[in-house]
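What follows is a single structure, written as structure tokens, with notes after it.
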Amino acid sequence: MMRKAKSKEDKKLTVFTQRNTQIAEQFRMIRTGLQFLAEKRNAKHFMVTSSASGEGKSVVIANLAAFFAQQDKRVLIIDGDLRRPTQHDIFQVENYYGFADILKEETNVKKAIQKTAVENLDVLVSGMLPYNPAELLASFDFDAFFVELDAAYDFIFIDAPPAIVADTPIIASKVDGVLVVVGLRSAKRKKFEQTIREVKTAGANVVGIICNKAKPVKKTAYYYK
């Protein structure tokens with residue numbers, strides 16, 4: 001049975017609902033900056049995290065992936081939040097087989113990946129949530145996993161839990177770059193600084209900070225190294 005989104009507004013894809021608005025244009029700006037980085041550093045695997053729940057990271061990464069797909073890029077988004085998954089709600093797809101089942105070796109990649117309503121964009125949902133996600137991630141062969149996926153996709157985006165969760169530094173150490181989403185009206189400075197430290201301690205490269213949930217009268221700022 002297909003699961004429906006839990007909220008009316010928070011889980012919309014801007015690429016469909018607000019194509020000609022300022023927020024859509026800013027997603028295009030993020031895409032342009034990230035494409036430049038990808039070409040410069042030969043990067044294609046990116047993770048998104050935040051300092052706390054509720055900062056909008058899952059919706060941000062879903063929209064960003066959709067904007068990449070609009071440029072005829074083959075894109076996969078992986079729901080790596082194995083505690084509070086969201087991508088199946090955003091894309092309105094089933095959440096039966098998924099990333100967790102691959103980690104547990106209970107299914108294979110081809111069986112688990114699903115197409116979305118966005119052309120060129122596929123999703124690997126979380127699947128059945130495990131009781132020991134950090135242990136499964138730590139023992140998983142990400143190198144072989146990415147080699148298999150790279151044959152089919154130009155970009156891979158992983159939606160990870162907030163950085164204070166043990167799972168996130170493990171994933172961060174396996175990708176080419178990390179994006180940190182900051183909710184301007186909810187983020188705490190100490191938690192944000194802790195997030196950056198946690199990610200960098202894992203040996204990951206923070207390539208961008210996306211400021212989300214700004215007041216409509218102000219422009220949202222995006223920063224790239």
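Structure values in brief
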{"quantity": "Output for the range 37-54, where each listed residue is among the charged types (D, E, K, R) and under 20 Å from K200 (Cα atoms)", "calculated": "R41, K44"}
{"quantity": "Number of the exception - R197 against (1) under 29 Å from Q71 (Cβ atoms); (2) open to solvent by 60 Å² or more (accessible area, probe 1.4 Å)", "calculated": "(1)"}
{"quantity": "So K44, is it of a type in the set (D, E, K, R), modelled with pLDDT of 85 or more and either open to solvent by 20 Å² or more (accessible area, probe 1.4 Å) or more than 14 Å from Q70 (Cα to Cα) (or both)", "calculated": "yes"}
{"quantity": "Tally of residues being modelled with pLDDT of 95 or more, touching a Phe, Trp or Tyr at 6+ places or on another chain (Cβ under 9 Å) and over 21 Å from A163 (Cβ atoms) across the range 89-108", "calculated": "1"}
{"quantity": "Any hit, the range 138-153, residues being modelled with pLDDT of 95 or more and either farther than 17 Å from H45 by Cβ or touching a Phe, Trp or Tyr at 6+ places or on another chain (Cβ under 8 Å) (or both)", "calculated": "yes"}
{"quantity": "Among (1) of a type in the set (D, E, K, R); (2) out of contact with any Pro (no Cβ under 7 Å at 6 or more places or on another chain); (3) open to solvent by 20 Å² or more (accessible area, probe 1.4 Å) - the single one D101 does not satisfy", "calculated": "(3)"}
{"quantity": "Pair list, Cβ under 9 Å, 6 or more apart: the range 65-94 residue within 11 Å of E119 (Cβ to Cβ) and open to solvent by less than 10 Å² (accessible area, probe 1.4 Å), other residue small (G, A, S) and part of a helix (DSSP H, G or I)", "calculated": "V75/A65; V75/A66; V75/A69"}
{"quantity": "Near pairs, Cβ below 7 angstrom, 6+ apart or cross-chain, from the range 201-212 (assigned to a strand (DSSP E or B) and at pLDDT 85 or above) to any residue that is open to solvent by 20 Å² or more (accessible area, probe 1.4 Å) and among the hydrophobic types (A, V, I, L, M, F, W, C)", "calculated": "V206/I196"}
{"quantity": "Residues (assigned to a helix (DSSP H, G or I) and either farther than 30 Å from Q114 by Cβ or open to solvent by 70 Å² or more (accessible area, probe 1.4 Å) (or both)) located in the range 153-194", "calculated": "R189, K190, K191, F192, E193, Q194"}
{"quantity": "Residue match in the range 166-176 (condition: in contact with a strand residue (DSSP E or B) (Cβ under 6 Å, 6 or more places away or on another chain) and either of a type in the set (S, T, N, Q) or farther than 15 Å from M47 by Cβ (or both))", "calculated": "yes"}
{"quantity": "Filtered residues of the range 26-41 (kept if open to solvent by less than 80 Å² (accessible area, probe 1.4 Å) and of a type in the set (D, E, K, R))", "calculated": "R28, R31"}
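The values are calculated or read from the model by the stated rules, or taken from the named source; none is laboratory data. Since this is a predicted model, take the numbers as computed values, not measurements. With ideal geometry, Cβ positions are generated from the backbone for all residues, glycine too; neighbour counts draw on all protein chains shown. Calculation scope for accessible area: heavy atoms of the full protein, side chains included, ligands and nucleic acids excluded. Shrake-Rupley method; radii C 1.70, N 1.55, O 1.52, S 1.80 Å.
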